[in-house]
Each structure stands twice: as structure tokens, then as C-alpha cells.
Amino acid sequence: MKGPRGPVFQGLELDAAPGSLVAVEGPSGSGRTCLLLALTGRMRTSEGSARVGGHPLPGRLAAVRRISALGPVQGVSELDPALTVAEHLRERALLERRFGASLGLSGTDRLRPGRRRAAVRARAEECLAAAGLDLGALPKGARTAVRDLERVESLRLSLALALFGRPRLLALDDVDLKLSDAGRAEVWELLRGLARGGTTVLAVCSEAPADALVLRTREPCPQGPGEPVASGDGVSGTTYDGDEDEGQDRDALATTRRA
């Protein structure tokens, strides 16, 4: 992917089977988030190709979006701190009632409000259980505001919402941000469990666990403004321009909704 200041990432290769745990490892500003959005069909790349769930990229962006879901990604799929857990679940349920593809309802059952509501409630309970979020353990139960959640609890809620659509690919950003060693271990074990269930997990992090498949991005090295950095074995190339090493991510993120 190229941006106004040069390559955002390049020279990356990976072959991941269904149910893999894939870590995008690198420092902030090295194109990690853009790579995550590109692999989930939400940003268009400028060179190279990929195949996700049998769908070619960048040719079939919409098809890849249909089989993928985003957990927490800053500026794209963040939780609203003013809303409660119940309100987030209700919002997601409304989307499922409207489209209903992941609820396993026949055409006739979709027309029956009672069956739709029951199916949505059952799916919500399944997703909360898969994400390991116990509403009874929250300060105010389902009425707890997102701003009052611990970091791991917030991440679990984001994952539960993403799982509603039964995605084949689940992607999340900054998985180890602001977490203690114990918190990181807890989150990675959760993601391993989801992967063992057959969902391919793509997680951006600063340090990947030993058992993950790893895509590494590299922080730009000090060179002349706009001068590309040589790409090594499986390492992205980016450009460096003074203190604006994160600018490429911001420029590219601004176009994500257009994809």
C-alpha cells in the first residue's frame, strides 16, 4: 500500500490456514492497522495480491468484508464510552434482526418477531460466552457504561459484538496495548480459543506470542524526506519524514470508508 509519503507497507508474505492465530507485529506507525484493514477488505492496496477465504484482493473487497469482522480498531470500530454494555448489544441485535443472515432463520421465521427476538437473544448469549464476558461480574451488570469497563472487559465486549455475524476472519487492533503481563496472557489465551474454534484471528500487537504466525512491520528509519526504506525478509517498507512517522497511517485511514 502506498500513501502520499510513500509506501505504508510492502514485501509481506503469509499463508495461514483456517483457524490460524496471526499476529501483525511492529511498532506504532509502521502500517500495522492499514495492513489489518486491507486484509479484511476495508482498504484498497496499490500493489500485490492476496486471497482471503478464497476471495482475491483487492478485486473482491465486498466479499471479504462479508466473511470478516472487526474487533476494536481505533477510529473505525471503537465502542462508544457513553453507551452501556446492554445498549451496544441491543444495537448489534437490531442489525441482526434487519439482515438476519447469521441467525440461521428461514425466510418464514424471519417474519415472526418472537422467533427473531429469541434467536438474537440466544446468539448474544453465545457471543458473550465465546468472548468470556460475564455480565454478572460487571459493576452494574449489563447497565455498566463502557467507560467503566476494564481494558480486558472492553476488549471482550468488542469481540462479542464482532462474533455476532459468525465471521471466518476476526481482526483486532492494539491487542496488547495498556495491558499487564497477566492481561496480555489472558487476552492471547482468549484469541487462541477462538482460533481453535475455527475462526482465523488477525491481531495487531507490539510483541507476538511464540505460537502465532507473524507478519512483521518495521518502523521507518531516519533517511531523507520521502526516501523509501529498503524492505527485508517479510518486513514492510515505509518512508520517514521528520517526526511524522505515523502520518501514513492517518492518511490511509482517512480513505478506509471509501473501500
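The values are calculated or read from the model by the stated rules, or taken from the named source; none is laboratory data. Bear in mind the structure is a predicted one, so any value in this text is a computation, not a measurement. Remember, those area values only see protein heavy atoms, side chains included, never the ligands or the DNA or RNA. Shrake-Rupley method; radii C 1.70, N 1.55, O 1.52, S 1.80 Å.
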Checklist entry - Out of residues 5 or more away from ALA23 or on other chains, whose amide H comes under 5 Å of its own, with H placed 1.01 Å from N in the peptide plane? => result ALA203, LEU213, VAL214, LEU215
Checklist entry - So for LYS178, LYS2, what's the accessible-area order with a 1.4 Å probe, most first? => result LYS178, LYS2
Item to check | Using θ = phi - 60° and Karplus 6.51 cos²θ - 1.76 cosθ + 1.60, couplings along segment 32-48 (whole Hz; Gly, Pro as x) | outcome: 4, 5, 5, 5, 4, 5, 5, 6, 9, x, 10, 9, 9, 7, 9, 8, x
Checklist entry - Any idea of THR217's accessible area? Nearest 10 Å², probe 1.4 Å. => result 10
